[in-house]
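Peer 1: The structure under discussion is supplied below as structure tokens; questions concerning it will follow.
What follows is calculated from the coordinates using simple rules that are stated; it is not laboratory data. Everything numeric in this text was worked out from a predicted model, so none of it was measured. Ideal geometry is used to build each Cβ from the backbone, glycine not excepted, and the neighbour counts take in all protein chains shown.
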Amino acid sequence: MEFVQRLEASARRIEDHLRVLLDESGAATEDRLHSAMSHAVLAGGKRFRPFLVIESAALFEVDERSALDAATAIECVHCYSLVHDDLPCMDDDDVRRGQATVHRAYNEWTAVLCGDALLTLAFEILARPTTAPDADVRADLVLALAKAAGRCGMVNGQFLDLEAEKLGKPAHPTIGDVRHLQALKTGALIACACEAGAILGGAKAIERAALRRYGYHLGLAFQIADDLLDAEGDTKIVGKLTGKDDARGKATLVTLVGIDDARASLENATREAIESLHLFGGRAVTLIEAARFAARRTC
Ligand code: GRG
């Protein structure tokens, strides 16, 4: 199967599982919160992070249901972050995944609570014995996701991003500042998705570290590709407004060093990601293709 077909097939499985877990979470009644959560999680999206969980878990022959649960939990965190990022007090976006953002389709307080509910649902999923029978494995997953999503991970990256945009701090961001911010905002959750498979599979420390390193470089590549899409992409294909970074004077690798050098950094990060997988040999072929996909994506 071609890589893109494989990614799409995995996305359908994640969506089916998201539907089941949303209903199981006690929100089976069709109230507006359930509806907002469904709007946030079921409206498309590449499902790239859950794909990484499933493919990294496949390296260690992890049970399918466990991998699917952990993958879905990480997608819930990703979807929550998008809902909150789109809020008027943050990035103030009207369109996400080609449809109205949650605060636009519902209202602001519903969007805040919808994000909160998705974030907590993620940890509820990871804490269930069905996700992993071994309590130490569950605790390890919870710890890894909390660190990646929280104060020293994605939330910190988002904070630095907003501080830069709204308060002009730092006044003259360097490439190092931008890379640090992006590694936290985008890279931490991607690295966690790659590491999750190793945690589920009881991998050796060296294998787990390799997947983390892969995730780190993949996260950088994914973000540079995002910046390039913002600079060059078509809103209709990307599924959100493009050209925003330049309009807002936002510091990204593209705005700091230009398109050509950003492309060179993207190639570099992709190569580093692929090299990180060498100890898995031919078993990592899909993860290698995932790195190439992240670099060349058009949405
Ligand atoms: C609100 C704590 C908090 C964090 C928000 C994810 C995020 C942090 C902000 C989104 C803004 C953004 C453009 C980030 C850069 C890269 C990124 C995460 C893009 C969106 O992820 P994709 O491309 O989206 O995987 P889909 O829709 O395919 O899931």
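Peer 1: Per residue and in cubic angstrom, what volume does the convex hull of the Cα atoms of segment 1-136 have?
Peer 2: 109 Å³
Peer 1: Read phi for every residue in segment 102-112 and hand back ³J(HN,Hα) as whole Hz from Karplus 6.51 cos²θ - 1.76 cosθ + 1.60, θ = phi - 60°, with x for Gly and Pro.
Peer 2: Listing the rounded values in order: 4, 5, 7, 6, 10, 7, 5, 5, 5, 5, 4 Hz.
Peer 1: May I ask for the percentage of alpha-carbon pairs in the chain that lie more than 30 Å from each other?
Peer 2: For the chain, the share of Cα pairs beyond 30 Å comes to 27 percent.
Peer 1: How much length would be gained if the chain were fully extended between His278 and Glu232, taking 0.36 nm per residue of separation minus their Cα-Cα distance, in nm to one decimal?
Peer 2: 13.3 nm
Peer 1: Please quote Rg/Rh for segment 65-181 to two decimal places, taking the Kirkwood radius as Rh and restricting both calculations to Cα atoms.
Peer 2: Using Cα coordinates only, the ratio equals 1.04.
Peer 1: Kirkwood-based Rg over Rh for segment 114-180 (C-alpha set), two decimals?
Peer 2: Result: Rg/Rh = 1.17.
Peer 1: Here's something else I'd like to know. Dipole size in debye (nearest 20) for the chain around its Cα centre, Lys and Arg Cβ +1, Asp and Glu Cβ -1?
Peer 2: 340 debye
Peer 1: Any idea what Rg and Dmax come out to for segment 210-299 if you just take the C-alpha atoms, in Å?
Peer 2: 14.0, 44
Peer 1: Answer with one residue from Ala67, His84, Ala127: the one whose Cα lies farthest towards the positive end of the charge dipole of the chain, charges on Cβ with Lys, Arg +1 and Asp, Glu -1.
Peer 2: Projecting each Cα onto the dipole axis, the largest value belongs to Ala67.
Peer 1: Please compute P(r) over all alpha-carbon pairs of segment 37-94, binned at 5 Å starting from zero, and give each bin as a whole-number percent.
Peer 2: The calculated distribution, bin by bin, is 4, 19, 23, 20, 14, 9, 6, 4, 1.
Peer 1: For segment 1-26 and segment 45-87, what is the centre-to-centre distance using only Cα atoms, to the nearest Å?
Peer 2: 9 Å
Peer 1: With n ≥ 4 as the cut-off for DSSP H runs, can you work out [θ] at 222 nm for the chain, using -39500 (n - 2.57) per run divided by the number of residues, rounded to the nearest 500?
Peer 2: The helix-only estimate for the chain comes to -22000 deg cm²/dmol at 222 nm.
Peer 1: Hey, which of these cross-link pairs are over 22 Å Cα-Cα: Lys147/Lys169; Lys185/Lys244; Lys46/Lys147; Lys46/Lys169; Lys185/Lys250; Lys147/Lys244?
Peer 2: Table pairs above 22 Å Cα-Cα are Lys147/Lys169; Lys46/Lys147; Lys46/Lys169; Lys147/Lys244.
Peer 1: Residue by residue through segment 247-255, what is 3J(HN,Hα) from phi via Karplus (6.51 cos²θ - 1.76 cosθ + 1.60, θ = phi - 60°)? Round to whole Hz and write x for glycine and proline.
Peer 2: Ordered by residue, 3J(HN,Hα) equals 4, 9, x, 7, 7, 9, 4, 5, 6 Hz.
Peer 1: Given the options Ser25, Ser66, Ser56, state which has the largest fluctuation in a GNM of the chain using a 10 Å cut-off (strictly under) for Cα springs.
Peer 2: Checking each option, the largest mean-square fluctuation is seen for Ser25.
Peer 1: What length, rounded to one decimal in nm, is gained on full extension from Asp94 through to Val285, with 0.36 nm per residue of separation minus their alpha-carbon distance?
Peer 2: Roughly 65.0 nm would be gained on extension.
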